[in-house]
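Chemist: One structure follows; several queries about it will come next.
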Amino acid sequence: MPTPPRTPRPRPAARRAPVRRRRRRPRWGTRMATALSVTVLAAGGIGHAVVTGLDTGITRVDPFKDMKNRPQAGHGMNVLVVGTDGRDRITPEEKRKYRLGGAPCHCTDTVMLVHIAEDRERASVVSLPRDSYAEMPEHTDLTSGRKHKAHPVKLNAAYAEGGPGLTVRTVESMTGVKIDHYLEVDFTSFMRTVDAVGGVQICTARPLKDSYTGLDLSPGTHELDGGQALQYVRSRHIDGAADIGRMQRQQRFLAALIDRVTDGGVLLNPVRFREVATTMLGSVRADEEFGTDQLLALAKAMHGFTPASSEFVSVPIGDMSFPVKGIGSTVKWDAAKAQRLFQALRDDRPLAGPAPKEEDSAKAPKAVVVDVPPKTVKVQVYNGTRTDGLGRKVDDALRATGFDTTRAPMTGAPRTRTLVEYDPRWDRSAKSLAAALPGAELRAVAGRGGTLRVTVAGDWKGVRAVRAETTEAPFEAVTGDKVVCP
């Protein structure tokens, strides 16, 4: 069945580079766009018939084998996306054209932590500089078989010494964020994926030229094919920003790729979608648990995902040139700001958005400051008294202060003291809820899940207003709609 042509999108009059059908890899951007596009597709009505079997082309790895003392799980889903230097799979012609000479380093060229919100309405992408100073955990070298004690390295060396498993352990140790899934892509799949979606549109207000990669873009709007897109995301010798500038361009590229996938007809055409998704997944390595069911589960929840639903940020940097004996210059994170950033991921909080206006803050009622925003705390209310309508009254009061209640209170067992039951994984959410219910008893119940249970007793005297602490946005995060071409 022939693939219907994609509806042309209006193009600015500025000079564009011609779209050449070349091949390459989806790097961090492709892999995440794969998940997002497949998910939105199934929600759009194409469903299981198209998605089934797409994961058969994924090479499986087990990055979580024998892992112990892992961080506590938070809210939402965290995916570690790494881009590997796979130039050994590039054709000689492509190597010459796109300046990919030299031997592959067998290391991670790109490392990104992708957080999918629990409500599936937001994706947060955190770039981790490959030269980040890292404390590598004790491990056995995959190449030599030698056992190594914990020692300092650059982040991208973790893959070379211990593959996906050591990479996951190192990132979890650095961030305190538990990784749920692992996705690995290389140069080849990157180029092929960009070509499969018909190229990606990139805008630049100034010339972008890098003699190392061959990138040469004039100011204006350009349609990049797979090879040109690879040059764009690899370039780090354009200006003094070096790797930080490269990460920002990678983020812009990912936003543009999401825009093309969600707005270019890919998701509405079963034949074209399967072609693109098969290309994306054909050379990806992932953990055993990431497959069709996970793609469908995300799909059903992420209907309507757009570039505005995505947000991008680089980990805050304290020292761009931190010297380490035997390693050289590394990138040292700003420990305090990085901790706040990763805490926000664990709490499933947005990273981008304007700080509240002073006048708005002044008008807001006085409230107890809590760690976890009430809007991220799901609550089921039970009436443990004989007072008709008390359950509804409490549900309304909790919702008024921001909690995500079910709006369907139920009858509970009689009690003399108000009880908050919670899964131990949601202990911080439980403390935020308890702050709104003075005197309530807290009880951990394994397996309770993400919805907290409140049984109201005769001692209930009202709901106290609570709010999350507002900050002046310590992270320079931006949503995808702010960086794609207008």
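Chemist: Test residue 155 against the stated conditions and say whether it is surrounded by 19 or more Cβ atoms within 10 Å (Cβ to Cβ), at pLDDT 90 or above and within 22 Å of residue 344 (Cβ to Cβ).
Modeler: yes
Chemist: Only residues that are of a type in the set (A, V, I, L, M, F, W, C) and part of a strand (DSSP E or B): list them for the stretch 313-344, please.
Modeler: Within the stretch 313-344, 313, 317, 320, 322, 324, 331, 333 meet the criteria.
Chemist: Which residues, counting only those in the stretch 201-232, are buried (at least 19 other Cβ atoms within 10 Å of the Cβ), among the hydrophobic types (A, V, I, L, M, F, W, C) and either out of contact with any helix residue (DSSP H, G or I) (no Cβ under 9 Å at 6 or more places or on another chain) or assigned to a loop (DSSP other than H, G, I, E, B) (or both)?
Modeler: none
Chemist: Right, here's the next one. Which of the residues belonging to the stretch 392-401 are open to solvent by less than 60 Å² (accessible area, probe 1.4 Å) and among the aliphatic types (A, V, I, L, M)?
Modeler: 394, 397, 398
Chemist: Here is a further query. Among residues belonging to the stretch 402-426 that are closer than 19 Å to residue 388 by Cβ and touching a Ser or Thr at 6+ places or on another chain (Cβ under 6 Å), point out the one that is least open to solvent (accessible area, probe 1.4 Å).
Modeler: Result: 412.
Chemist: List, please: which pairs have Cβ atoms under 7 Å, are six or more places apart or on different chains, and start with a residue in the stretch 163-185 that is without any contact (Cβ under 8 Å) to a residue 60 or more places away in the chain and end with one that is part of a loop (DSSP other than H, G, I, E, B)?
Modeler: 170/137; 170/155; 173/137
Chemist: Does residue 434 fit the bill of being open to solvent by less than 50 Å² (accessible area, probe 1.4 Å) and in contact (Cβ under 8 Å) with a residue 60 or more places away in the chain?
Modeler: No, not satisfied.
Chemist: Let me ask you something else. Can you pull out every residue in the stretch 288-311 that is modelled with pLDDT under 85 and in a strand (DSSP E or B)?
Modeler: 310 - this is the single residue of the stretch 288-311 that is modelled with pLDDT under 85 and in a strand (DSSP E or B).
Chemist: Of (1) part of a loop (DSSP other than H, G, I, E, B); (2) touching a Ser or Thr at 6+ places or on another chain (Cβ under 6 Å); (3) open to solvent by less than 50 Å² (accessible area, probe 1.4 Å), residue 458 satisfies all except one. Which?
Modeler: The number of the failed condition is (3).
Chemist: Here are the criteria: (1) modelled with pLDDT under 90; (2) in contact with a helix residue (DSSP H, G or I) (Cβ under 9 Å, 6 or more places away or on another chain). Tell me which single one residue 425 does not satisfy.
Modeler: Exception for residue 425: condition (2).
Chemist: Here is a further query. Read through the list (1) at pLDDT below 80; (2) open to solvent by 30 Å² or more (accessible area, probe 1.4 Å); (3) in a helix (DSSP H, G or I); (4) not small (Gly, Ala, Ser), then give the number of the only condition that residue 251 fails.
Modeler: The number of the failed condition is (2).
The values are calculated or read from the model by the stated rules, or taken from the named source; none is laboratory data. All values reported here derive from a predicted model rather than from experimental measurement. For neighbour counting, all protein chains shown are included, and Cβ atoms are generated from backbone atoms with ideal geometry for every residue, glycine included. To get the accessible areas, we keep the full protein, side chains included, count just its heavy atoms, and leave off ligands, DNA and RNA. Shrake-Rupley method; radii C 1.70, N 1.55, O 1.52, S 1.80 Å.
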